[in-house]
Amino acid sequence: VCSKFVGRRDDLGDLWAWLADDFSRVRLIAGEGGLGKTSLAYRFAEDVASRKIQPFEQVVWLTAKKRQFVPAQDAYRESAHTDFEDANSLFIAIASAHGCVPADFEGKDTRELLQLAIESCATTPSFLVIDDVDSLSPGDQQRALELGMRTPAKTKMLLTTRVNFSYS
């Protein structure tokens, strides 16, 4: 995501303070495009993974980003892979990262998929990064936030977004 990560010490410090707060399960990094939200989240997720921060047993990175800004070129490049495109595919991606299989999702509606994602997070304490949540419709952004607010105590969720209309 970022070949050379420089600075952002205060932002990283804020994220570490949030991670230590047992009463806050979801955090949002918001700002205009090209400011390094994804790079900041990626660097922080790398640090969490490499330091093996307890209680997390895994770090899960999921992105809806279809284009990535390349500052050195002042241009965008197409992303090779996206993990979700709506709330349902986000919930399926989260549950899959926690061991669910395709048969677990058959015939389930959005509420049931949300519940399955929440329950699967309870089985494996995880640090989740949901990158580019603003790619979702406003209603699906609200569903993603609901997931964050309902995640089990040993799971944390970090979201990145270009706009901040749906979140406080």
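The values are calculated or read from the model by the stated rules, or taken from the named source; none is laboratory data. For clarity, every value in this text was computed on a predicted model and none was experimentally measured. So basically every Cβ, Gly included, is an ideal-geometry build from the backbone, and we count neighbours across all protein chains shown. Areas reflect the complete protein model, heavy atoms only, side chains present, ligands, DNA and RNA absent. Shrake-Rupley method; radii C 1.70, N 1.55, O 1.52, S 1.80 Å.
Among residues belonging to the range 94-109 that are assigned to a helix (DSSP H, G or I) and surrounded by fewer than 21 Cβ atoms within 10 Å (Cβ to Cβ), point out the one that is nearest to the chain's Cα centre (by Cα).
Pass one, the range 94-109, residues assigned to a helix (DSSP H, G or I): 94-97, 102-105.
If we keep only those that are surrounded by fewer than 21 Cβ atoms within 10 Å (Cβ to Cβ) too, we end up with 96-97, 102-105.
On the way: Ser96: 14, Ala97: 12, Pro102: 21, Ala103: 24, Asp104: 22, Phe105: 21 Å.
Of everything passing the filter in the range 94-109, Ala97 is nearest to the chain's Cα centre (by Cα).
Does the range 117-126 include one or more residues that are small (Gly, Ala, Ser), more than 25 Å from Ile29 (Cα to Cα) and in a helix (DSSP H, G or I)? No, that holds for no residue. Please pick out the residue among Leu62, Leu19 that is surrounded by 12 or more Cβ atoms within 10 Å (Cβ to Cβ), modelled with pLDDT of 80 or more and assigned to a helix (DSSP H, G or I). Of Leu62, Leu19, the one residue that is surrounded by 12 or more Cβ atoms within 10 Å (Cβ to Cβ), modelled with pLDDT of 80 or more and assigned to a helix (DSSP H, G or I) is Leu19. Under the condition of being open to solvent by 30 Å² or more (accessible area, probe 1.4 Å) and of a type in the set (Gly, Ala, Ser), the residues counted in the range 110-132 number 1.
Just checking, does the range 134-147 include any residue being outside any loop (DSSP other than H, G, I, E, B), hydroxyl-bearing (Ser, Thr, Tyr) and farther than 29 Å from Lys52 by Cα? Within the range 134-147 (the criterion being outside any loop (DSSP other than H, G, I, E, B), hydroxyl-bearing (Ser, Thr, Tyr) and farther than 29 Å from Lys52 by Cα), the answer is yes, since at least one residue qualifies.
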